[in-house]
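Participant: Got a structure for you, written out below as structure tokens; questions coming shortly.
Where a number appears in this text, it was derived from the coordinates with a stated rule and is not lab data. Because the structure is a prediction, the values reported are computed rather than measured. So basically every Cβ, Gly included, is an ideal-geometry build from the backbone, and we count neighbours across all protein chains shown.
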Amino acid sequence: MKVSAAIGGTLFTLGGVALAAHSAWPSAATYGVAAGMAAGALAFGALWLLMHQRRPTVLAGSNERKATDPLPWISVVPAVRPGSTWHRAVQGNEPAMQLVGRIWITNLTGAPLRIVRVDIATVHGEHLADSELLVRVKRLHEVRDLPVGSPVSASFHCICGEKAVPGDDYVAAVLFTDERGRVLESAFKFKYL
């Protein structure tokens, strides 16, 4: 960035020197040369600065598969420890499984946004359950807006019919929907506890 600014600044300075040369030797020939040098240096300097401006790097989660919005609006990365887990449960008298997803989520938009729904589906698209996204605030998790630009710890919890084999990890599709209806789908691996 500093090198690009220095080169762009030097080219702007050359344009200024060319204009100064015109005022020192005001003849028709120097006018044309000075004007051409000034215009060329200024245009090239502006183009150089435009091309080499520092742009923010957007890192999306490696597990991201598709989105309904062409621009990245959130980044979801599964937490490493303790990670996303599943365990056997009972729903009524039926066997079930409890899924707990722990993630780091970053709002890449310019305004706060809220994830209003988290859907969990099989990798083949069969809906299993839905949940709210609980964002960590100090030591508590609660439903709230995601701040702009900073990764925050969040989690979701649900119980659904048992689809996994006890002892094996379970892979599911997790769909995050915001208040504008945008959906991001990610594949999650839930470790058996």
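Participant: Please list, in order along segment 169-178, the HN-Hα scalar couplings obtained from phi with the Karplus expression 6.51 cos²θ - 1.76 cosθ + 1.60 (θ = phi - 60°), rounded to whole Hz, x for Gly and Pro.
Facilitator: 6, 10, 9, 9, 8, 10, 10, 9, 10, 9
Participant: Here's another thing I want to ask about it. Where the centroid of each part is defined by its Cα atoms, how far is segment 151-193 from segment 77-94 in Å?
Facilitator: Going from one Cα centre to the other spans 9 Å.
Participant: Apply the Karplus parameterisation 6.51 cos²θ - 1.76 cosθ + 1.60, with θ equal to phi minus 60°, to every residue of segment 127-136 and state each ³J(HN,Hα) to the nearest whole Hz, in sequence, with x for glycine and proline.
Facilitator: So the Karplus estimates, Gly and Pro as x, are 5, 9, 6, 9, 8, 9, 8, 9, 8, 6 Hz.
Participant: How much length, in nm to one decimal, is gained on full extension between V80 and K191, taken as 0.36 nm per residue of separation minus their Cα-Cα distance? It would help to have the intermediate numbers written out before the result.
Facilitator: Numbers: separation 111, 0.36 × 111 = 39.96 nm, distance 1.11 nm.
Gain on stretching V80 to K191: 38.9 nm.
Participant: Further, regarding this structure: Counting Lys and Arg as +1 and Asp and Glu as -1, what is the net charge of the other residues whose Cβ lies under 11 Å from the Cβ of L134? Spell out each step's value before the answer.
Facilitator: Numbers: positive: R102, R136, R144; negative: E132, E142.
The answer is +1.
Participant: Further question on the same structure: List the residues, sorted by chain then number, that are 5 or more residues from R114 or on another chain and whose placed amide H is less than 5 Å from its amide H.
Facilitator: The answer is L146, E179.
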